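One structure is given here, and the rest of the page talks about it.
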Amino acid sequence: MTDPFAPPLEAGSTTVTSERRRWTKESAGGLFAATAAFEVVQVLVFEPISRLLPECAHRVTTLAGILGVTLAHSLATRWLKRLPSSAPPT
């Protein structure tokens, strides 16, 4: 079965030699950090904002969550890239 999202084959080539994004420790850690940050921001921001600005509490909480996700993902990815590789030396 062929992958419908795979890039097209190059002329005269029988295999795809493109760089495909792999699931790495950086992307997994970044996703985890982003998810955790979104949940924490939702819990910490929604209650006070719903008391102060009840008509726009969801909008402010969502924007704060997006900001938290962006910061957490970039920081976690940068930090995880500095860790040594767990692959055995070749």
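The values are calculated or read from the model by the stated rules, or taken from the named source; none is laboratory data. As the structure is a prediction and not an experimental result, all values here were calculated from the model. Cβ coordinates were reconstructed from backbone atoms using ideal geometry, including for glycine residues, and neighbour counts include every protein chain displayed. Accessible surface areas use protein heavy atoms only, side chains included; no ligands, DNA or RNA. Shrake-Rupley method; radii C 1.70, N 1.55, O 1.52, S 1.80 Å.
Table: residues versus (1) closer than 21 Å to L75 by Cβ; (2) in a helix (DSSP H, G or I); (3) open to solvent by less than 50 Å² (accessible area, probe 1.4 Å); (4) modelled with pLDDT under 90.
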{"position": "D3", "(1), (2), (3), (4)": "no, no, no, yes"}
{"position": "L9", "(1), (2), (3), (4)": "no, no, no, yes"}
{"position": "T35", "(1), (2), (3), (4)": "yes, yes, no, no"}
{"position": "R51", "(1), (2), (3), (4)": "no, yes, no, no"}
{"position": "R59", "(1), (2), (3), (4)": "no, yes, no, no"}
Looking only at region 11-33, and only at residues there that are part of a helix (DSSP H, G or I) and either among the small types (G, A, S) or modelled with pLDDT of 85 or more (or both), the one that is nearest to G68 (Cα to Cα)
A33
Checked region 40-49 for anything under 22 Å from the mean Cα position of the chain (by Cα) and exposed (fewer than 13 other Cβ atoms within 10 Å of the Cβ); matches are V43
For region 61-90, how many residues meet the condition of being of a type in the set (A, V, I, L, M, F, W, C) and either surrounded by fewer than 16 Cβ atoms within 10 Å (Cβ to Cβ) or free of Cβ contacts under 8 Å to residues at least 12 places away in the same chain (or both)?
8
